1. What does the helix-only formula give at 222 nm for the chain: each DSSP H stretch with n ≥ 4 adding -39500 (n - 2.57), the total divided by the residues, and the result rounded to the nearest 500 deg cm²/dmol?
2. How long is the range 6-119 along each principal axis, judged by its Cα atoms, biggest number first, in Å?
3. Taking θ = phi - 60°, what integer Hz values does the Karplus form 6.51 cos²θ - 1.76 cosθ + 1.60 yield along the range 55-69, in sequence order, with x for Gly and Pro?
4. Which part of the range 75-89 falls in the paramagnetic zone of S95, meaning amide N under 17 Å from the point 7 Å along Cα-to-beta-carbon?
5. Could you pull out the longest piece of the chain with no exposed loop GluC sites (Glu not before Pro) in it, calling a site exposed if DSSP puts it outside H, G, I, E, B and it has at most 13 other Cβ atoms within 10 Å?
Amino acid sequence: MTIESYRDLRVWQEAMDLAEACYRLTTGFPREEVYGLTSQIRRAGASIPANIAEGYGRNSKGSYVQFLRVAQGSLKELETHILLAGRLGMIETQSAEPVLASCDAVGRMLLGLLRQLERND
């Protein structure tokens, strides 16, 4: 398969699925958390595919790598917020587990893409 756009990247597609899962996961959060963990989880989740796309659109490999690293940071932020929401009883373990598993998968793909880009220097 030829990569003609960031939308062709499997890591971006999986990150978009993860972002969607974050929105769905937070629909049952308490109303008073709309500006707290709900917002934090949604913003971190959406930031991952956005940074992959923005980096892809840059004209240099260095910028692309930098944006992929930002996506990795957002991924770790997202995992932390989900774990905190679980500790606070806002989400059940069985609801969080698939999202955390998706975080792991996206993290592995990001790492693989970073290694591939750095190897081609």
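1. When only DSSP H runs of four or more count, the value is -26000 deg cm²/dmol.
2. For the range 6-119, the Cα extents along the three principal axes come out at 43, 24, 20 Å.
3. Result, ordered by residue: x, 4, x, 6, 8, 9, 5, x, 5, 4, 4, 4, 5, 5, 5 Hz.
4. Once the point is set 7 Å along Cα→Cβ of S95, 79-89 turn out to lie under 17 Å by backbone N, inside the range 75-89.
5. Formally, the longest exposed-site-free interval is 5-91.
Laboratory data are not the source of any read-out in this text; all were calculated from the coordinates shown. Because the structure is a prediction, the values reported are computed rather than measured. We place every Cβ from the backbone using ideal geometry, glycine too, and count neighbours over all the protein chains shown.
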